[in-house]
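Okay, structure first, notes after.
The values are calculated or read from the model by the stated rules, or taken from the named source; none is laboratory data. Here the structure is a predicted model, which is why all the values come from computation and not from measurement. A quick note on method: Cβ atoms are made from the backbone with ideal geometry, for glycine too, and the neighbour counts reach across all protein chains shown.
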């Protein structure tokens, strides 16, 4: 199938996953690529991502979105029927890639901006993501409680994101955020916060997944 992105992007994603001894079946990869096609198609009509990021959407954004899956699947058992909300989902990263690779977890994409809500619903329908619900509200008014996971990506500071999330997690819940390393360096001495650094394909910047539990 001909896609809207450079063909080497597929190799970069598969190589990135291979570094962590992870692979998906062809159907799952194709779902990820179809999602990338939709983002790039819609980006020409509405500003979902920056134009500079469009040619490297897979290697920059989809790989990053799969980082929670990579580390949580290795260190924790991602239980079926868990509830996972993503705050400020925007164009769908990380919630769309995660909902593709974790079909037995219930995901909520929480996004207040109407154009992005419309786009997220189009993706849900096009990819037949039965485990995804799109909520067109701010997270604080979403009505979501007792969640197993809450995630966000490049939303605000860690402290602000945590304050928004913590009261909506269950007693064993985890807050997960993806940040540049420079933005979370001040958290290194916090024993209740786990930081794992990683690199993305062909990116100079260093990134980190930051995890905090409600019981900490």
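Of note, residue 156 does not satisfy the criterion of being farther than 25 Å from residue 63 by Cβ and either surrounded by 13 or more Cβ atoms within 10 Å (Cβ to Cβ) or over 18 Å from the mean Cα position of the chain (by Cα) (or both). Taking (1) more than 17 Å from the chain's Cα centre (by Cα); (2) farther than 28 Å from residue 169 by Cβ; (3) in contact (Cβ under 8 Å) with a residue 12 or more places away in the chain; (4) part of a helix (DSSP H, G or I) in turn, residue 125 satisfies each apart from (3).
When we screen 97, 112 for residues that are surrounded by fewer than 18 Cβ atoms within 10 Å (Cβ to Cβ) and either farther than 13 Å from residue 149 by Cα or touching a residue at least 12 places away in the same chain (Cβ under 8 Å) (or both), the only hit is 112. Screening the stretch 135-216 for strands (runs of 3 or more DSSP E) wholly inside it with 1 or more residues that are at pLDDT 95 or above, closer than 16 Å to residue 86 by Cβ and in contact with a strand residue (DSSP E or B) (Cβ under 9 Å, 6 or more places away or on another chain) returns the ranges 147-153, 169-180, 207-213. Being modelled with pLDDT of 95 or more and on the phi > 0 side of the Ramachandran plot, is that true of even one residue in the stretch 63-80? Within the stretch 63-80, not a single residue is modelled with pLDDT of 95 or more and on the phi > 0 side of the Ramachandran plot. May I ask you to say which residue of 195, 150 is crowded, with 18+ Cβ neighbours inside 10 Å and touching a helix residue (DSSP H, G or I) at 6+ places or on another chain (Cβ under 9 Å)? Unique residue meeting the criteria: 150. What pairs come out if I take residues in the stretch 3-16 that are on the phi < 0 side of the Ramachandran plot and modelled with pLDDT of 95 or more and pair them with residues that are outside any helix (DSSP H, G or I) and surrounded by 14 or more Cβ atoms within 10 Å (Cβ to Cβ) whose C-beta lies under 6 Å away, six or more apart or interchain? If the second residue must be outside any helix (DSSP H, G or I) and surrounded by 14 or more Cβ atoms within 10 Å (Cβ to Cβ), the pairs left are 12/201; 16/201. Is it the case that the stretch 66-84 has a residue that's part of a strand (DSSP E or B) and surrounded by 13 or more Cβ atoms within 10 Å (Cβ to Cβ)? Yes, the conditions are met somewhere in the stretch 66-84.
Taken over the stretch 4-18, the residue count meeting the criterion of being surrounded by 12 or more Cβ atoms within 10 Å (Cβ to Cβ) and outside any helix (DSSP H, G or I) is 3. Being in contact with a helix residue (DSSP H, G or I) (Cβ under 7 Å, 6 or more places away or on another chain), without any contact (Cβ under 8 Å) to a residue 60 or more places away in the chain and not in a helix (DSSP H, G or I) is the filter; apply it to the stretch 20-53 and report the residue that is farthest from residue 126 (Cα to Cα). This residue is 20.
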